[in-house]
Amino acid sequence: MPSFDEVLKEAGEFGRFQKRVFFLLSQTGITFSSLFASVVFLGRAPGNFWCRIPGAAELSERCGWTLEEERNFTVLPLLVGNESVTGQCERLDVTWGASASCRSPLGRYGNGSAGSPPLAPCRGHWVYEQPRSSIVSEYDLVCGNAWMLDLSQAILNLGFLAGAFILGYAADRYGRILIYLLSCLGVGICGIIVAFSPNFTLFLIFRFIQGMFGKGTWMTCYVIVTEIVGSDQRMVGIVIQIFFTLGIIILPGIAYMIPTWQGIQLAISLPNFLFLLYYWVVPESPRWLLTRKKGEKALKIMRSIAKHNGKFLSPHYSEITISNQEVSNPSFLDLVRTPQMRRNTLILMYAWFTSALIYQGLVMRLGIIGGNLYLDFFISGAVELPSAFLILVTMDRIGRRLPFAMGNIVASAACLITAFLPEDIPWLKTTVATLGRLSITIAFEVVYLVNSELYPTTLRNFGVSLCSSLCDLGGIIAPFLLFRLAAIWLELPLVIFSILAAVCGLLVLLLPETKGISLPETVEDVEQLPSHFGKCGKKQKHRDTNSYI
């Protein structure tokens, strides 16, 4: 009985069928990255705003004031003798009733020379020139409530974290394509509810759920793509991440054309409903079917793949070897029970955490320079494109480990150099910091590929999801680490980033090289990786053919 890799080679390792599935599933990267970075535009600054005095709305309507006239009566008197206030987070401690004059509503307090009214903190009475442009103006996330905007992004990352565990487990138990389709449906429905949430609490609840389903779409589509191609074609795992970058590049254009946050939210959520059409064109992963002892279904899919690729399976391919490993529901203990699996898991978890922490930290650091939000965001996304091409050029020639390690080490050096460059040459600091971002992006993209190559089929989706959950943890910690350490010394976060990246660069050298190898099918395959491969990275023959699918 042939192994799965032998059948896949006969059917075509990257033929017309795989290319079609790859292109279709890659679109998920665009929608996921848009969700990932959407807070930049959903929570953009609402423009000019001020605190409204109680009773001002009724008085303004009675007197026929414009917003500018109301602001003049409300804010300008506040500034007299109070140069330190802006009128955004404080107001005059007065209440305008029916007796207030339209010409001089503050007349009884004098003109400021005899004394100004006392001040009071603003509590929920803000007026915005652009009232529905962002969630900041929609839910009054200003002044003392400004921290809630950060909370909204933290909640999204918590959703990613929950999705990595819950949907990663579900995909290994119930199937890749089923969980992918359910996740797409969930992202679309939750996205609509988020757009029309009447209060911030409901917004947070469904943003969390949308994040959970969003992570399910991204991780599951990635695993499907890597499982239907041959070992020499798994670089598609890097190419698919170009679509993630394309989403980053496209997002500012969407936000520029759509003036309201609800429109932006719908624009990045509704396309997920189109992915439900994949039910008729993207099959279940045959590798997964074999691990669930559904060999007949797997062989039927392989014959369909061969037909689409213009090939024909040999008549003796009536059955594919099924792993002799018993099928069980995956758990964390399965990832750390044996020495090689334990080492791989711990190193990959640290690599995910470090890559996400440094990546987001450098993005936020470059973002504080101000300027045109749409243009700056577009450029920051374009900077990431060369990373994928550099990986494609190098990884098939020199392997995975060296680019993985060098990405981290160069990022470490760039962060450290940037920290100690003088302030009077900002262009050089920005250039070196950008080099650091390019390097950590390379490391970030390589960890996706290596992670999927170092776990057996029975644990692959769960292993990738669990390890990548540390990415979400890094994303939650990054803003707090950046801003709190910067308060001590502006460049201190870069020093911490440098240390974390240097350690990661050394640790990943302990991982097995996976260039040109077949995906492991059992835990035994993973444990024997060092003895299974020669110097050229080619798989050696093994006596027990039942060790493979």
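In this entry, Asp472 passes the filter for residues that are open to solvent by less than 10 Å² (accessible area, probe 1.4 Å) and touching a residue at least 40 places away in the same chain (Cβ under 8 Å). Condition check: within 22 Å of Asp172 (Cβ to Cβ) and either in the same structural domain as Arg437 (by the TED database) or of a type in the set (A, V, I, L, M) (or both). Does Ile240 satisfy that? So Ile240 fits the description; yes.
For the stretch 40-50, the set of residues classified as at pLDDT 75 or above and either under 14 Å from Ser269 (Cβ atoms) or over 27 Å from the mean Cα position of the chain (by Cα) (or both) consists of Phe41, Leu42, Asn48, Phe49, Trp50, listed by residue number.
Is it fair to say Ile268 is of a type in the set (Val, Ile, Thr) and within 17 Å of the chain's Cα centre (by Cα)? Considered against the rule, which asks whether it is of a type in the set (Val, Ile, Thr) and within 17 Å of the chain's Cα centre (by Cα), Ile268 comes out as yes. Sort out which residues of the stretch 140-182 are outside any helix (DSSP H, G or I), out of contact with any strand residue (DSSP E or B) (no Cβ under 8 Å at 6 or more places or on another chain) and buried (at least 19 other Cβ atoms within 10 Å of the Cβ), and write them in order of number. Result: Leu141, Gly175. Within the stretch 425-454, being outside any helix (DSSP H, G or I) and open to solvent by 10 Å² or more (accessible area, probe 1.4 Å) holds for one residue alone: Ile425.
Are any residues in the stretch 295-313 assigned to a helix (DSSP H, G or I) and open to solvent by 10 Å² or more (accessible area, probe 1.4 Å), and if so, which ones? Across the stretch 295-313, the qualifying residues are Gly295, Glu296, Lys297, Leu299, Lys300, Ile301, Arg303, Ser304, Lys307, His308. Condition test on Gly463, is it in contact with a helix residue (DSSP H, G or I) (Cβ under 9 Å, 6 or more places away or on another chain) and closer than 20 Å to Leu385 by Cα? No; evaluated as a whole, the condition is false for this residue. Could you grab me the full set of residues in the stretch 215-265 that are over 16 Å from the mean Cα position of the chain (by Cα), closer than 30 Å to Ala306 by Cα, hydrophobic (A, V, I, L, M, F, W, C) and open to solvent by 20 Å² or more (accessible area, probe 1.4 Å)? Within the stretch 215-265, Val239 is the sole residue that qualifies. Could you grab me the full set of residues in the stretch 124-170 that are farther than 30 Å from Phe332 by Cβ and among the β-branched types (Val, Ile, Thr)? Passing the criteria: Val127, Ile135, Val136, Val142. Kindly evaluate Pro46 against the criterion of being under 30 Å from Val363 (Cβ atoms) and not hydrophobic (A, V, I, L, M, F, W, C). The answer is yes for Pro46.
Taking the stretch 372-386 as the range and being touching a residue at least 60 places away in the same chain (Cβ under 8 Å) and either hydroxyl-bearing (Ser, Thr, Tyr) or part of a helix (DSSP H, G or I) (or both) as the test, the residues that pass are Leu373, Tyr374, Leu375, Phe377, Phe378, Ser380, Gly381, Ala382, Leu385. Being aromatic (Phe, Trp, Tyr), open to solvent by 20 Å² or more (accessible area, probe 1.4 Å) and more than 24 Å from the chain's Cα centre (by Cα) is the filter here, so list the residues in the stretch 271-294 that pass it. Tyr279, Trp280 - these are the residues of the stretch 271-294 that are aromatic (Phe, Trp, Tyr), open to solvent by 20 Å² or more (accessible area, probe 1.4 Å) and more than 24 Å from the chain's Cα centre (by Cα).
With the requirement that a residue be of a type outside the set (Ser, Thr, Tyr), modelled with pLDDT of 85 or more and open to solvent by 10 Å² or more (accessible area, probe 1.4 Å), what does the stretch 337-357 give you? Correct list: Arg342, Arg343, Leu346, Ile347, Met349, Phe353.
The residues of the stretch 51-78 that are open to solvent by less than 70 Å² (accessible area, probe 1.4 Å) and at pLDDT below 70, listed by number, are Pro77, Leu78. Residues in the stretch 18-32 that are polar (S, T, N, Q), open to solvent by less than 10 Å² (accessible area, probe 1.4 Å) and either under 20 Å from the mean Cα position of the chain (by Cα) or under 11 Å from Thr245 (Cα atoms) (or both): Ser26, Thr28.
Residue-by-condition table, conditions (1) among the hydrophobic types (A, V, I, L, M, F, W, C); (2) at pLDDT 75 or above; (3) buried (at least 22 other Cβ atoms within 10 Å of the Cβ):
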| position | (1), (2), (3) |
| --- | --- |
| Leu459 | yes, yes, yes |
| Leu466 | yes, yes, yes |
| Pro493 | no, yes, yes |
| Lys539 | no, no, no |
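The values are calculated or read from the model by the stated rules, or taken from the named source; none is laboratory data. Source: prediction; values computed, not measured. Counting neighbours? That spans all protein chains shown, and the Cβs are built from the backbone with ideal geometry, glycine included. For accessibility, only protein heavy atoms count, side chains too; no ligands or nucleic acids. Shrake-Rupley method; radii C 1.70, N 1.55, O 1.52, S 1.80 Å.
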